[in-house]
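Written out below as structure tokens is the structure these notes cover.
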Amino acid sequence: MNASDLITSYLTHYKKHSYQRFLEIYNDEIVDLSTSDNWQELNNFWACTFKNTAKNLLNKNSFASIKKKVDSEYEEDSLKKYWKNNIKKCGRCEYEGLNNKKSQAAIKNLVKELNSRYRAIPIGNEASRSLYISSYLVAVLDLTNNRLQICPEKTISGPNKHGPLDYALTISKSSKIIAAVEVKSRDYLQGIAQNTVQYELILANGRKTAFGIITDSENWYFLKVTLDNDRNPIFQLSEN
């Protein structure tokens, strides 16, 4: 079920329509479908989708009434608190930079661990590179206060395909996958192609955004996939 389906369900089953009441009733489902860590972006998306869905579903007079009500509720301070609580609830983290003591300690520990691995494990095939990559992932996830978890060889499935990810980054509380990690010793184009196919599975459950990493432990590429309103994928790939 996507955002529009959720709103359609609310408008169909409840007589007194209110944007805030919709947010309260369908809070758990909204958490599952929301992918941003910016409360204003979330509020904009859900308010616009609410109005667009209502416009297609209701008659002209009913829509005019509900649009006026949504616009009046949209700016209320309580919505800021609602969305910030949801961001915390689903384990998302707002970026704080790397200049604080905790981040600097994590970087120091990462360098120490990588040096130890380098002395013991030659960098060669994908298996050895995967060990180095796990050190980076652990260091990053330590900064999220255990809101995220690393799942090696996690199997994902969709309507037509299934298969394992080298690593999946999941939200601790819900086990929901937010990112896939593809380990390659060479041939990044193949890794990127595999990563994009994996997103068909990750996004098959109604999500609109997912992230990916393609790496050999030395070179890192970051992929973001978003779906437009017709659920067509839009890919953004970083430079190395």
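All of the numbers you see were taken from the coordinates with simple rules; none came from a lab. All values derive from a computational prediction rather than experimental measurement. Neighbour counts run over all protein chains shown; Cβ positions are idealised from the backbone, glycine included.
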Within the stretch 3-17, backbone nitrogen closer than 19 Å to the virtual label 7 Å beyond the Cα of S62 toward Cβ: 4-17
Additional length obtainable on full extension of the chain from R186 to K69, 0.36 nm per residue less Cα span: 36.6 nm
On Cα atoms only, tilt of 126-142 relative to the major axis of the chain in degrees: 50 degrees
How high is the relative contact order of the stretch 1-71, in percent, counting Cα pairs under 8 Å that sit 6 or more residues apart? 43 percent
Under 5 Å between amide H atoms, partner at least 5 residues away or on a different chain: which partners does S172 have, H built in plane at 1.01 Å? L148, Q149
Give, in nm to one decimal, the length gained when the segment between F235 and A105 is fully stretched (0.36 nm per residue of separation minus the Cα-Cα distance). 43.4 nm
Size of electric dipole in the stretch 101-237: Cβ of Lys, Arg +1 and of Asp, Glu -1, about Cα centre, debye, nearest 20: 560 debye
Structure-based [θ]222 nm, the chain - -39500 (n - 2.57) summed over DSSP H runs of at least 4, per residue, nearest 500: -16500 deg cm²/dmol
For D166, list long-range residues whose amide hydrogen, built 1.01 Å from N in the peptide plane, is under 5 Å from its own amide hydrogen. V181, V183
Does anyone have the angle between helix 188-202 and the longest principal axis of the chain? Alpha-carbon axes, 0 to 90°, nearest 10? 40 degrees
If we sort 98-109, 145-156 on the protection proxy, mean other Cβ atoms within 10 Å, highest first, what's the order? 145-156, 98-109
